[in-house]
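The structure appears right after this line, and notes come after that.
The values are calculated or read from the model by the stated rules, or taken from the named source; none is laboratory data. Small disclaimer: the values here were computed from a predicted structure and weren't measured. Cβ coordinates were reconstructed from backbone atoms using ideal geometry, including for glycine residues, and neighbour counts include every protein chain displayed. Please note that ligands, DNA and RNA were not included when accessible areas were found on the heavy atoms of the full protein model with its side chains. Shrake-Rupley method; radii C 1.70, N 1.55, O 1.52, S 1.80 Å.
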Amino acid sequence: MPFTFANPNAVGEVGLVEISVVLPVHNCGKFLLPALQSIKYQSYPHFEVLLVNDRSDDGSEEVCAKIANVDDRFRLLESPHPGMAAALNFGILQARGTYIARMDGDDLCLPERFSKQVQFLKDNPDISFLGTFAQHIDQHSKVTGSFEFPEDDFEIKSQLDRGMNTFVHPSMMIRRRALVDLRGYREIFSICQDYDLWLRAQDRYSFANLPEHLIAYRGYPDKRDLNDRFWKHFYIAKLADTSMQQRRAGRHDPVDQMADECDLESVHDTLVRERLMAARQDYYCNKKAFVDHKPLNSMDIDQIHSFLLTNKETFNKKALGHAFGLLFDQAIRIEDTESAETLYKLQQEISKSRHLKSLLAKPSNIIKYALRRRPEPV
């Protein structure tokens, strides 16, 4: 049952608490204390931190309780429903600040983050959603890259219209009035809750990014979970995009008709349902191949091959070459020589694959047959 905002017109109390930091906590104990300390020592003092525990079982709750016992700006809450979106919504409901600051339990804030974001929002009352640039750090807090998105409202929304996310979610500071007006995050989304929120907000509110690296974003999920989320992202993003298109056309939002993100049978519009079902099938087919590593048949191989070609601009060359290599293995396994030859040529165009070189060093008869018209060896 989605969490409902009791008072959609409430804007929170104004006073010493200007910022409410909403931080969902789910098994992030390894990195949680440094994250909380980076908030505690912000140069801007007028904030509260709502630590919303989402069924952690790794000691994260104890870390939160300890800091809440010694610093009354930190409050430990229990989310009544599972999932990040539900935890965020519960925190927003409890918030007293004029601004909602996002933060995750494995990221770090620079000391001037809150001060600079609050000042920008006070100087620019037309802006309701404000992000920042971010450094990307690994599990050892070593900087491995950076995120730098468009700064002004027009460019941010232009990229959103092209299906690109334009904010680092944990860097966001948002006017609470806007979040309550939008009824928070939609809990039906297990991932991409932020992307869906930006799409729902863009026709009603203005956006900006501060061109400063004010957070360090760890982004270090379990490798298997990362693969699963990577493939699922295509389906969930399509669902959010389709939802936006239907709203703009004045039609029923398909998400409002669904009990969960895969409940497409309840969508009224036949064309929308068929479009989303195709995207959902793409996700399950890719998950089968690349996450669950289950055997594929010729129809699976053909569908995934088509999906990869359609979305090839989304992948880097290494990932795309690896995917074609895995499909090639499956085609060889079931003696689908036509697919094997096509996939081999595609991979040859993309990468210098050691895996394929080893396969071709001592080719079996079926591989020789599959590659009978192959290009010159690398």
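Within the range 281-298, take every residue that is within 24 Å of the chain's Cα centre (by Cα) and among the hydroxyl-bearing types (Ser, Thr, Tyr) and give me the one that is farthest from Tyr235 (Cα to Cα). Result: Tyr284. Among the small types (Gly, Ala, Ser), out of contact with any strand residue (DSSP E or B) (no Cβ under 8 Å at 6 or more places or on another chain), over 30 Å from Glu62 (Cβ atoms) and at pLDDT below 95 - does that describe any residue in the range 140-153? The answer is no; no qualifying residue exists.
Is there a residue being assigned to a helix (DSSP H, G or I) and either at positive phi or open to solvent by less than 30 Å² (accessible area, probe 1.4 Å) (or both) anywhere in the range 219-233? Yes: the range 219-233 contains one or more residues that are assigned to a helix (DSSP H, G or I) and either at positive phi or open to solvent by less than 30 Å² (accessible area, probe 1.4 Å) (or both).
The selection criterion, being among the acidic types (Asp, Glu) and open to solvent by less than 10 Å² (accessible area, probe 1.4 Å), holds for Asp196. When Ile301, Ile332, Ile366 are checked against the criterion of being more than 26 Å from the chain's Cα centre (by Cα) and modelled with pLDDT under 85, a single residue qualifies: Ile366.
Remark: Tyr44 matches the filter, which requires a residue to be hydroxyl-bearing (Ser, Thr, Tyr), over 14 Å from Pro170 (Cβ atoms), modelled with pLDDT of 95 or more and surrounded by fewer than 19 Cβ atoms within 10 Å (Cβ to Cβ).
Summed over the range 323-348, the residues that are in contact with a Ser or Thr (Cβ under 8 Å, 6 or more places away or on another chain) and either of a type outside the set (A, V, I, L, M, F, W, C) or closer than 17 Å to Phe230 by Cβ (or both) give a count of 5.
Just to be sure before I move on: is Ala65 in a helix (DSSP H, G or I), at negative phi and either open to solvent by less than 30 Å² (accessible area, probe 1.4 Å) or touching a residue at least 24 places away in the same chain (Cβ under 8 Å) (or both) in the structure I sent?
No: the conditions fail for Ala65.
Considering Val52, Val25, Val21, which residue is touching a Pro at 6+ places or on another chain (Cβ under 7 Å), closer than 20 Å to His169 by Cβ, crowded, with 18+ Cβ neighbours inside 10 Å and at pLDDT 95 or above? Steps first, please.
Numbers: Val25 fails: touching a Pro at 6+ places or on another chain (Cβ under 7 Å); Val21 fails: touching a Pro at 6+ places or on another chain (Cβ under 7 Å).
Step by step, each of Val52, Val25, Val21 is checked, and only Val52 is touching a Pro at 6+ places or on another chain (Cβ under 7 Å), closer than 20 Å to His169 by Cβ, crowded, with 18+ Cβ neighbours inside 10 Å and at pLDDT 95 or above.
Here the condition is being open to solvent by 10 Å² or more (accessible area, probe 1.4 Å), polar (S, T, N, Q) and closer than 29 Å to Val21 by Cα; of Ser266, Ser190, Ser171, it holds for Ser190 alone.
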